[in-house]
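Read through the structure below, which is laid out as structure tokens, and then see the notes.
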Amino acid sequence: MDHLTGAERKKYPMFEGAIAYFPDAIAYVSHVSVVGNDQHNHGQPLHWAREKSIGVGNEIVRHLVDKGKLDTDGLRHTGKLAWRALELLQREIEDERGGQ
């Protein structure tokens, strides 16, 4: 799937197709983003520091192995797993279309 225009995105209802199904999980992944940003980009606006996100596959496995537990920062490993899975999918899609 290439980068979608606004009209094309209407074919894939992001609210009904994802957010409405998993509102608590998506809110938790957003929480993981905020805590991670505070840790890795202290004092900066919320953003994905792509250059600091390395070893995605290994991080996914580490968080999967520790599913159901809290990480040292008090966040659920499963929430971090979900964030990393979204990161991996985003990178794959971007790589297929030749970058961002």
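What follows is calculated from the coordinates using simple rules that are stated; it is not laboratory data. Only a predicted model underlies this, so the values are computations on that prediction, with no experimental measurement involved. No Cβ is skipped: glycine too gets one built from the backbone with ideal geometry, and neighbour counts run over all protein chains shown.
About the Cα centre, and with charges only on the beta carbon of Lys, Arg (+1) and Asp, Glu (-1), how big is the dipole of the chain? Nearest 20 debye, please.
Working: 13 positive and 15 negative charges, 30 e Å.
The dipole of the chain has a size of about 140 debye.
Hey, could you get me the Stokes-Einstein D for segment 25-96, Kirkwood radius over alpha-carbon pairs, 20 °C and 1.002 mPa s, rounded to whole µm² s⁻¹? Could you put the intermediate results ahead of the total?
On the way: Rh = 12.6 Å.
It diffuses with D of about 170 µm²/s by this estimate.
Specify the angular offset, from 0 to 90 degrees and rounded to the nearest 10, of the alpha carbon long axis of helix 23-40 from the longest principal axis of the alpha carbons in the chain.
Compared with the principal axis, the helix lies near 60 degrees.
Once you have a ≥ b ≥ c as the square roots of the Cα gyration tensor eigenvalues for segment 16-55, tell me rounded if a/c is under 1.5, and otherwise prolate or oblate according to whether a/b is larger than b/c. All intermediate terms of the calculation are to be shown ahead of the outcome.
On the way: a/c = 2.95, a/b = 2.04, b/c = 1.44.
Verdict is prolate for segment 16-55.
If we sort 13-19, 80-86 on the protection proxy, mean other Cβ atoms within 10 Å, highest first, what's the order? List each step's numbers first, then the result.
On the way: 13-19: 10.6, 80-86: 19.9.
Ranking the peptides 13-19, 80-86 by packing returns 80-86, 13-19.
Give the residue from 32, 90, 48 lying farthest towards the positive end of the charge dipole for the chain; charges sit on Cβ (+1 for Lys and Arg, -1 for Asp and Glu) and the dipole is referred to the Cα centre.
32
Please compute the length gained on full extension between residue 27 and residue 11, using 0.36 nm multiplied by the number of residues separating them and subtracting their Cα-Cα distance. Can you show the working numbers first?
Details: separation 16, 0.36 × 16 = 5.76 nm, distance 2.35 nm.
Using 0.36 nm per residue and subtracting the Cα-Cα distance, I get 3.4 nm.
What is segment 25-96's relative contact order, in percent, from Cα pairs under 8 angstrom and six or more apart in sequence?
Working: 50 pairs, mean separation 22.1, N = 72.
That works out to 31 percent.
How would you rank 26-35, 69-78, highest first, on the average number of other Cβ atoms within 10 Å across their residues?
Numbers: 26-35: 15.4, 69-78: 13.3.
Those peptides, ordered most packed to least, come out 26-35, 69-78.
Angle between the Cα long axis of helix 77-96 and the longest principal axis of the chain, 0 to 90 degrees, nearest 10?
With rounding to tens, the tilt is 40 degrees.
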